[in-house]
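The values are calculated or read from the model by the stated rules, or taken from the named source; none is laboratory data. Given the structure is predicted, the values throughout are model-derived calculations rather than measurements. We place every Cβ from the backbone using ideal geometry, glycine too, and count neighbours over all the protein chains shown.
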Amino acid sequence: MDHTKINLIVRLQHIDNLIESIMSLQKGLPEEIAALDEDLAFTSRQIEARKKIADEHLKLRERLNGTINDCKEKIRSFKEKQTLARNNKEYDALSKQIEYEEKEIAQAEIQLQDIAHAEHHAQELQKKGRELIAENRYDEISEEMMPDDVLQQQLEDLTRQAAMKREELESIVVETAEEIAQLRQTLESQRSEVAREAKRLLDKYDHLKSGTLQNAVVKLDRHACSGCNTRVPTNRHTLIVQGGFYVCESCGRIVVHERLFEEAAAGTR
Ligand SMILES: [Zn+2]
C-alpha cells in the first residue's frame with residue numbers, strides 16, 4: 001500500500017486544523033456581537049416608542065391648553081357683552097355661547113386628565129419594575145415596567161459592550177490576518193498536490209468536510225476513532241500502526257496513527 005498518499009491528506013488536515021485553531025481565537029465573538037446588536041436594536045426601539053408617546057402627549061397637552069385659553073377668552077368677552085345686552089333675547093343668546101365654550105373647556109379638561117392618568121399609570125408600572133429589580137425578580141418585569149433610566153443605562157451598557165467586543169475581534173483579525181493568509185496559501189498548494197497524487201482521497205476528504213464534520217482525518221486514540229469514539233477492530237490496528245488508514249464504520253472519518261499528524265506538523269512548520 002502506498003502510504004505517501006495518506007501522508008498528503010493528513011498534512012492537508014493538519015493545515016486545516018491550524019487555520020481552525022487560529023479562527024477559534026475569535027472565541028465566538030462574531031456571534032456575541034450579533035446578539036448584542038440585536039439587544040441594542042430592541043432597547044433602542046423601546047426608548048424610541050416611549051419618546052414618541054411623550055412627544056404626542058406634550059403636543060396634545062399644548063393644543064388642549066390652547067383651546068382652554070381660547071374658550072376662557074371667549075367667555076370673558078361674551079360676559080362683557082352681556083353687561084351691555086339691550087334685551088333678554090340678546091342676553092340669553094350670549095349665555096348659550098358661554099355654555100358652549102364651557103362644555104368645550106370641560107371636554108378638553110377630560111382629555112388632559114386622560115393624559116395625566118396614562119402617564120401616572122406608566123410611572124406606576126415603572127415603580128413596580130423598580131421594586132422587582134430590587135428583588136432580582138427580572139423574569140417578572142414586563143417591557144412597560146422597565147424604568148426609563150434603567151432602559152437608558154441598558155442602552156449605554158450594550159453600546160459600550162458591543163464596541164469593546166468589536167475592538168477585540170478587530171484586533172484578533174488584524175493580529176492573525178497574515179498567519180491565516182499564509183496558511184490558506186499553504187493549504188491551496190497542499191490541495192493541488194493531493195489532487196495530483198491522491199484525487200480519490202481528496203474527494204473523500206471534501207465529501208466528509210462538506211457535511212457537518214470539521215475534521216475528516218482523525219487520530220486513532222485508545223483503539224478508537226477519535227472523531228466519534230467508536231472502537232476500531234483489532235485486526236485493523238496493525239495496518240494503522242504501519243501508516244495506513246481505516247475508514248471508521250460509524251462516522252466515515254479517515255482514521256490514522258497519531259505519528260502521521262506529528263510528521264505532518266514537523267513538515268509544515
Ligand atoms: Zn468515527
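So residue 208 passes all but one of these: (1) in contact (Cβ under 8 Å) with a residue 60 or more places away in the chain; (2) assigned to a helix (DSSP H, G or I). Which condition number does it fail? It fails just one condition, (1). Screening region 230-241 for residues that are among the β-branched types (Val, Ile, Thr) and buried (at least 16 other Cβ atoms within 10 Å of the Cβ) and picking the one that is nearest to residue 9 (Cα to Cα) gives 240. Out of 252, 244, 227, one residue alone is closer than 20 Å to residue 19 by Cα and surrounded by 14 or more Cβ atoms within 10 Å (Cβ to Cβ). It is 227.
For the criterion of being more than 16 Å from residue 5 (Cα to Cα) and either within 16 Å of the ligand (Cβ to nearest atom) or outside any helix (DSSP H, G or I) (or both), residue 238 fails. If you go through region 92-110 one residue at a time, do you hit one that is surrounded by 15 or more Cβ atoms within 10 Å (Cβ to Cβ), of a type in the set (D, E, K, R) and touching a Leu at 6+ places or on another chain (Cβ under 6 Å)? Checked against the condition, which is being surrounded by 15 or more Cβ atoms within 10 Å (Cβ to Cβ), of a type in the set (D, E, K, R) and touching a Leu at 6+ places or on another chain (Cβ under 6 Å), region 92-110 yields no hits at all.
Would you confirm, using the coordinates I've provided, whether residue 20 is at pLDDT 95 or above, in a helix (DSSP H, G or I) and among the charged types (D, E, K, R)?
no
On the given criteria, is residue 214 under 17 Å from residue 14 (Cα atoms) and out of contact with any Lys or Arg (no Cβ under 8 Å at 6 or more places or on another chain)?
Judged against the criteria, residue 214 is a match.
Taking first residues from region 241-267 that are at pLDDT 90 or above and partners that are within 9 Å of the ligand (Cβ to nearest atom) and of a type in the set (D, E, K, R), the Cβ contacts under 8 Å between residues at least 6 apart in sequence or on separate chains come to 247/253.
Note on region 241-256: residues that are under 42 Å from the mean Cα position of the chain (by Cα) and either more than 16 Å from the ligand (Cβ to nearest atom) or within 13 Å of residue 7 (Cβ to Cβ) (or both) amount to 2.
Restricting attention to region 1-26, the residues that are surrounded by 13 or more Cβ atoms within 10 Å (Cβ to Cβ) and over 30 Å from residue 196 (Cβ atoms) total 1.
Taking the criterion of being touching a residue at least 24 places away in the same chain (Cβ under 8 Å) and part of a helix (DSSP H, G or I), the only residue of region 123-146 that qualifies is 143. All but one of (1) of a type outside the set (Gly, Ala, Ser); (2) within 8 Å of the ligand (Cβ to nearest atom); (3) touching an Asp or Glu at 6+ places or on another chain (Cβ under 8 Å); (4) within 20 Å of residue 190 (Cα to Cα) hold for residue 215; state the number of the condition that does not hold. Result: residue 215 passes all but (2). If you check 198, 177, 181 for being aliphatic (A, V, I, L, M), out of contact with any His (no Cβ under 7 Å at 6 or more places or on another chain) and closer than 16 Å to residue 10 by Cα, only one passes: 198.
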